[in-house]
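Since the structure comes first, as structure tokens, the remarks are kept for the end.
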Amino acid sequence: MIYRRFGNTGLQVPVLSAGFMRAMHSWGRVPAQDIPAASQANLEEIVSRALKLGINHFETARGYGTSEEQLGRALKRVARRDSYLLQTKIQPTDDPAAFRADFFDSLQRLGVDRVDLLALHGINDYQSLWHTCRRGGCLAAARELQRQGLAGCIGFSGHGSLPVILAAIRHAEDGGFDYLNLHWYYIFQVNTPALVEAAARDMGVFIISPTDKGGMLQEPPELLQKLCRPLAPMAFNDLYCLARPEVQTVSVGAARLSDFATHIEAISRFDRDAALLPELDHRCRQTMKAATGHERPEGLWHLLPSWDQTPGLINIPFILWLYNLAQGWGLTAYARKRYAYLGRDVKWVPGNNGAAVRQYDLGRIAEKAGIEEVKLVQLLEKAHRLLGESGE
């Protein structure tokens, strides 16, 4: 296993970390006795396998149903406390006392007296950023837990827009943040400025959900497989992320032992296979350009307003990004799954879809993006037909 310095935390982390969202039994809390023995045994096998592979950074969250409790039970059975780094994530609230109570509940679930890394979970908008960073807020509470020896390094995680992420990175009061869990993948590079800002502050960077949210690469479409050969799309994405000097580790959200295989194979051939990245990147870009007119799927993203500044709250940049992924790289199943969240008040997929696009005047938006309004409307309608419920 390869290990890297996790920014100014001083910790040495493996380039592959083990995330424990997918391996859990249930999204809802259930009594310990109701967790099936087979589910618990599977999770324990994953922990043991990870340690044997040199993966000693384990990440979970209070919001992941039975994950904390199951991981805690597994760690007690198969690992010494000094053999791993443990990270959990707690959602910020308007009441720091409630945040603190949630933290102690998580410690109890995990069966430990401290965690090595504590992330403020779900800084998805300015409200959650305020709950976290205001004077006397949840970040201040987290730093107090750190001073008490109950938490090590303090970071944050979220699906927020780039401005929200940058505001969190730049926050300096209460010591700011030591690290961040970031969504940044080959298919989604909108957050690249966050990598640059984090590196300038020597923050640790942990790429979360690179396989599933990075394109459902556990089941890649035939076109993407062809474009990434001789690498598997999952391996290409791992190596592409880790080739960025700002990135120290990427998550393996294993649900079964076999989920480690492709990731480990990629890392074992890092020096040789990394040399393929420019060629594969060029191949993917040319294919995308031929299909969409843009080398990258987020080609128009930075020219378009955010959903909350758009008539009808239509999330135009997100929709066109998904449409381009489907058209350029065959990621239609992934795009449809994400598109379905629009209009459902999901914090990490905000805004509405393009169903009612003709009801609004998009002339000014189209002009600023350098595209004819009629073409923009047609693109959004095509996207809705392809990605909406009909799947036409």
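The values are calculated or read from the model by the stated rules, or taken from the named source; none is laboratory data. Bear in mind that the values here come from a model prediction, so they are computed numbers and not experimental data. A quick note on method: Cβ atoms are made from the backbone with ideal geometry, for glycine too, and the neighbour counts reach across all protein chains shown. These accessible areas exclude ligands, DNA and RNA; they are computed on the full protein's heavy atoms, side chains included. Shrake-Rupley method; radii C 1.70, N 1.55, O 1.52, S 1.80 Å.
Hey, among the residues in the stretch 80-94 that are open to solvent by 20 Å² or more (accessible area, probe 1.4 Å) and under 24 Å from Gly10 (Cα atoms), which one's nearest to the chain's Cα centre (by Cα)?
Taking the candidates together, the pick is Leu85.
Inside the stretch 296-307, can you point out the residues that are assigned to a helix (DSSP H, G or I) and open to solvent by less than 30 Å² (accessible area, probe 1.4 Å)?
none
Of everything in the stretch 288-338, what is touching a Gly at 6+ places or on another chain (Cβ under 6 Å) and farther than 24 Å from Val164 by Cβ? Give them in sequence order.
Once the filter is applied, which keeps residues that are touching a Gly at 6+ places or on another chain (Cβ under 6 Å) and farther than 24 Å from Val164 by Cβ, the stretch 288-338 yields Met288, Ala291, Thr292, Leu331.
For the stretch 258-270, name all the residues that are over 14 Å from Gln218 (Cα atoms) and open to solvent by 50 Å² or more (accessible area, probe 1.4 Å).
Glu265, Ser268, Arg269
Quick check on Val30: is it surrounded by fewer than 22 Cβ atoms within 10 Å (Cβ to Cβ) and farther than 17 Å from Cys138 by Cα?
When the stated conditions are applied, Val30 passes them.
For Ala119, only one of the following conditions fails: (1) open to solvent by less than 10 Å² (accessible area, probe 1.4 Å); (2) farther than 17 Å from Thr60 by Cα; (3) not hydroxyl-bearing (Ser, Thr, Tyr). What is its number?
(2)
What do you reckon, is Arg4 farther than 25 Å from Met216 by Cα, basic (Lys, Arg) and either open to solvent by less than 20 Å² (accessible area, probe 1.4 Å) or modelled with pLDDT of 95 or more (or both)?
Yes, satisfied.
Determine whether the stretch 59-72 contains at least one residue that is of a type in the set (S, T, N, Q), outside any helix (DSSP H, G or I), crowded, with 20+ Cβ neighbours inside 10 Å and at pLDDT below 95.
yes
If you go through the stretch 123-151 one residue at a time, how many are open to solvent by 10 Å² or more (accessible area, probe 1.4 Å), in contact (Cβ under 8 Å) with a residue 24 or more places away in the chain and either touching a Leu at 6+ places or on another chain (Cβ under 8 Å) or more than 30 Å from Arg80 (Cα to Cα) (or both)?
So the count comes out to 12.
Do you know which of the residues in the stretch 166-205 that are open to solvent by less than 10 Å² (accessible area, probe 1.4 Å) and in a helix (DSSP H, G or I) is nearest to Gly136 (Cα to Cα)?
The extreme case among them is Ala168.
Hey, among Leu139, Leu118, Leu162, which residue is within 30 Å of Ala335 (Cβ to Cβ) and in contact with a helix residue (DSSP H, G or I) (Cβ under 7 Å, 6 or more places away or on another chain)?
Matching residue, one of Leu139, Leu118, Leu162: Leu162.
Could you please find all residues in the stretch 338-354 being at pLDDT below 95 and aliphatic (A, V, I, L, M)?
Val346, Val349
Determine which single condition Ala255 fails, assuming it passes every other condition in (1) open to solvent by 10 Å² or more (accessible area, probe 1.4 Å); (2) modelled with pLDDT of 95 or more.
(2)
Within the stretch 308-390, considering only helices (runs of 4 or more DSSP H) that don't extend past its boundaries, which have at least 1 residues that are open to solvent by 10 Å² or more (accessible area, probe 1.4 Å) and over 24 Å from Leu223 (Cβ atoms)?
It comes to 363-369, 373-387.
Give the stretch 95-114 a look and list any residue that's more than 18 Å from Ala140 (Cβ to Cβ) and open to solvent by less than 70 Å² (accessible area, probe 1.4 Å), or say none.
Asp105, Ser106, Leu107, Arg109, Leu110, Gly111, Val112
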